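Trainee: Below is one structure. I have some questions about it.
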Amino acid sequence: MEGQGSYPPQGPSAPPHPPGPVLYAPNYYEAPPVGVVGSYPPQGPSAPPHPPGPVLYAPNYYEAPPASAVDTYVPERSPAFYQQMQVAWMQAPAPIPNCPPGLEYLTMIDQIFVYQLFEFIEALTGFETKNKYELKNSMGQRVYFAVEESEFCNRLCCGANRAFSIKIMDNLNQTVLNLVRPLGCHSCWCPCLHHRMEVQAPPGTIIGYVVQEWNPCIPILSIQNEMSETILKIRGPCMQFSCCGDVNFKVLSKDESTVVGKISKKWTGLLREFFTDADNFGIQFPMDLDVKVKAVLIGACIMVDFLYFEQNSGGKHGAWQMM
């Protein structure tokens, strides 16, 4: 917000902002933006302490100032600024040769946690909304943020089998991973039209696939490279539910003789498990695993959520349907 050091008239009849250069009020703790007019006190460690006095208030053309405010302008911060400051992001590492941009984070970790954000409207009505996920390291720092893109009618009619793309972004809001899954069928009695997810990093460049294999009893997924060659397998339990406990999906070598890691669906409490489909997961893998394979395993975790927990959770019932 920009303005001068006095309050203009408030309300719908307020005049438009007057022409001319924008004056900017000095602030002892921030440098002036480029191109603004105004004088500034010294900056840096040698700056004098802030002088005592009344609290300054940023005027608003359509909002009356509080009674205790002084009509001197100070810069105003948007709510998004404060929300961003509250999120602790993992420090971005330096670029690494032969590593897709944005995936350098994965070279520094051997586990990552995926938290699906709670959607109140979905819990209340039972209608599927776009999924959102936070990906954090073991210290609780956010590594990535994921947002689903899908059509409303697709979510309403097809539920967890819907087609979607999920963009996974870093702290600069740049898409580093793109997960694309077309419409499929999740029936254990139908060996055709099973789900296949494409993993792109950067968007448009395929680095691997997650493929659902047909098995009438046990969940099995294949982790494939960009040439559609299977490099790992994921095998889950026959029952994808555990009261007060985690549900573990083993990440195995190609011949299923060695356990490489695991994907765990975390128990989040009885109320959340029954009334919502906001699930939490943990992914473990070797530190020296190829960074592209780590990225495909993140896609596999999202696939596991959609295949085995979106339609098994209580979120689809909706609070209004239980009345």
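Trainee: Looking only at the stretch 135-143, decide whether some residue is farther than 20 Å from LEU289 by Cβ and of a type in the set (Val, Ile, Thr).
Mentor: No, the conditions are met nowhere in the stretch 135-143.
Trainee: For the stretch 169-200, enumerate the residues that are in contact with a helix residue (DSSP H, G or I) (Cβ under 7 Å, 6 or more places away or on another chain) and either of a type in the set (A, V, I, L, M) or within 22 Å of PRO93 (Cβ to Cβ) (or both).
Mentor: Across the stretch 169-200, the qualifying residues are VAL176, LEU177, LEU179, LEU183, MET197, VAL199.
Trainee: Please state which of the following conditions SER264 fails to meet, knowing it meets all the rest: (1) more than 26 Å from CYS192 (Cβ to Cβ); (2) touching a Gly at 6+ places or on another chain (Cβ under 8 Å); (3) modelled with pLDDT of 95 or more.
Mentor: Every listed condition holds for SER264 apart from (3).
Trainee: Within the bounds of the stretch 293-307, is there any residue that is open to solvent by less than 40 Å² (accessible area, probe 1.4 Å), modelled with pLDDT under 80 and under 22 Å from ILE168 (Cα atoms)?
Mentor: Looking for residues that are open to solvent by less than 40 Å² (accessible area, probe 1.4 Å), modelled with pLDDT under 80 and under 22 Å from ILE168 (Cα atoms), one finds none in the stretch 293-307, hence no.
Trainee: Can you tell me which of (1) assigned to a strand (DSSP E or B); (2) closer than 23 Å to GLY204 by Cα; (3) in contact (Cβ under 8 Å) with a residue 60 or more places away in the chain; (4) among the aliphatic types (A, V, I, L, M) is the one VAL143 doesn't meet?
Mentor: (3)
Trainee: On to the next question. May I ask you to verify whether PHE275 is modelled with pLDDT under 95 and touching a helix residue (DSSP H, G or I) at 6+ places or on another chain (Cβ under 8 Å)?
Mentor: It is true that PHE275 is modelled with pLDDT under 95 and touching a helix residue (DSSP H, G or I) at 6+ places or on another chain (Cβ under 8 Å).
Trainee: While we're on this one: What tally of residues in the stretch 217-265 results from selecting those that are within 25 Å of the chain's Cα centre (by Cα), surrounded by fewer than 18 Cβ atoms within 10 Å (Cβ to Cβ) and β-branched (Val, Ile, Thr)?
Mentor: Matching residues across the stretch 217-265 total 0.
The values are calculated or read from the model by the stated rules, or taken from the named source; none is laboratory data. Bear in mind the structure is a predicted one, so any value in this text is a computation, not a measurement. Neighbour counts run over all protein chains shown; Cβ positions are idealised from the backbone, glycine included. These accessible areas exclude ligands, DNA and RNA; they are computed on the full protein's heavy atoms, side chains included. Shrake-Rupley method; radii C 1.70, N 1.55, O 1.52, S 1.80 Å.
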